Amino acid sequence: MPSPHHAVWLCRHGETPWTVLGRHTGRTDVPLTAQGQRQAEALGQRLACRPFSLVLTSPLARARTTCQLAGYESAAQGDVDLQEWDYGAYEGMTTREIRIEHPAWTIWTDGAPLGESPTEVGRRADRVLARLQAIDGDVALFAHDHLLRVLAARWLGLRPSAGALFALDTASLSVLGYEREQRVVHHWNEICHLPEA
């Protein structure tokens, strides 16, 4: 993994029409709302052109646009492993709608029919973390709610389902790093930079 002096900065994309409605947005390429664009710009101001040795972004438009509006488009590389959870048959549905037929359902334990299981998303997160091993310096990742939560869990050596413990708001900033040799969460779900809704 990166040196104990380096950090992984997690940037969740800005608001979309589906995040406002609570719809599971996996592979559907939903754009940012006007508010989401303002959030992405504010995220860029918070980062203040901070230099990163590597910037990776999900190829989905909401993450790429957030990366662009935050000022990192020219440095960013796409990484398909940073795409959001594939919700399969539950794409576009809310948790409330899903629980009409499956009352105890949760993505963190059940996954999605015709989509991904927590273990499969964990494997993608592990590949992203493995890619960071050769990087000398801080890294920024522009991606999605559930994927970033799984990645944080895996950073800490937890099962992918432990991502359920790490809530993330749109356009939030989180930092993973080290305390001596121990992997830790330095900041989580920072949103003080965001404009009022």
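Table: residues versus (1) in contact with a Phe, Trp or Tyr (Cβ under 9 Å, 6 or more places away or on another chain); (2) at pLDDT 95 or above; (3) more than 17 Å from TRP155 (Cβ to Cβ); (4) not polar (S, T, N, Q).
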{"residue": "GLN83", "(1), (2), (3), (4)": "no, yes, yes, no"}
{"residue": "ALA89", "(1), (2), (3), (4)": "no, yes, yes, yes"}
{"residue": "GLU97", "(1), (2), (3), (4)": "yes, yes, yes, yes"}
{"residue": "ILE107", "(1), (2), (3), (4)": "yes, yes, yes, yes"}
{"residue": "ALA112", "(1), (2), (3), (4)": "yes, yes, yes, yes"}
{"residue": "THR119", "(1), (2), (3), (4)": "no, yes, no, no"}
{"residue": "ALA125", "(1), (2), (3), (4)": "yes, yes, no, yes"}
{"residue": "LEU129", "(1), (2), (3), (4)": "yes, yes, no, yes"}
{"residue": "ALA140", "(1), (2), (3), (4)": "yes, yes, no, yes"}
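Restricting attention to helices (runs of 4 or more DSSP H) lying wholly within region 104-184, give those where 2 or more residues are exposed (fewer than 14 other Cβ atoms within 10 Å of the Cβ).
Numbers: elements: 107-110, 118-131, 145-155.
In region 104-184, the matching helices (runs of 4 or more DSSP H) lie at 118-131.
Just a yes or no: is a residue in region 13-25 open to solvent by 20 Å² or more (accessible area, probe 1.4 Å), in contact with a Ser or Thr (Cβ under 6 Å, 6 or more places away or on another chain), in a loop (DSSP other than H, G, I, E, B) and closer than 14 Å to SER172 by Cα?
yes
A quick yes/no check of all residues on (1) loosely packed, with under 15 Cβ neighbours inside 10 Å; (2) touching a residue at least 40 places away in the same chain (Cβ under 8 Å):
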residue: CYS11; (1), (2): no, yes
residue: THR28; (1), (2): no, yes
residue: ALA34; (1), (2): yes, no
residue: GLU41; (1), (2): no, no
residue: GLN77; (1), (2): yes, no
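Cβ contacts < 8 Å: first residue basic (Lys, Arg), restricted to region 171-192; second residue at pLDDT 95 or above, any location; separation 6+ or different chain. Result?
ARG183/TRP155; ARG183/LEU156; ARG183/GLY157; ARG183/LEU176; ARG183/GLY177
Scan region 53-66 and tell me whether some residue there is farther than 21 Å from ALA167 by Cβ, open to solvent by 40 Å² or more (accessible area, probe 1.4 Å) and outside any helix (DSSP H, G or I).
Checked against the condition, which is being farther than 21 Å from ALA167 by Cβ, open to solvent by 40 Å² or more (accessible area, probe 1.4 Å) and outside any helix (DSSP H, G or I), region 53-66 yields at least one hit.
Pairs only if they're at least six apart or on different chains, beta carbon under 8 angstrom, first in region 144-163 and farther than 12 Å from GLU120 by Cα, second among the basic types (Lys, Arg) and outside any helix (DSSP H, G or I); list them, first residue then second.
Pairs found: HIS144/ARG12; ASP145/ARG12; LEU148/ARG12; ALA153/ARG159; TRP155/ARG183; LEU156/ARG183; GLY157/ARG183.
The values are calculated or read from the model by the stated rules, or taken from the named source; none is laboratory data. In this text, all values refer to a predicted model and were calculated from it rather than measured experimentally. When we count neighbours, we look across all protein chains shown, and the Cβ atoms used for this are built from the backbone with ideal geometry, even at glycine. Areas reflect the complete protein model, heavy atoms only, side chains present, ligands, DNA and RNA absent. Shrake-Rupley method; radii C 1.70, N 1.55, O 1.52, S 1.80 Å.
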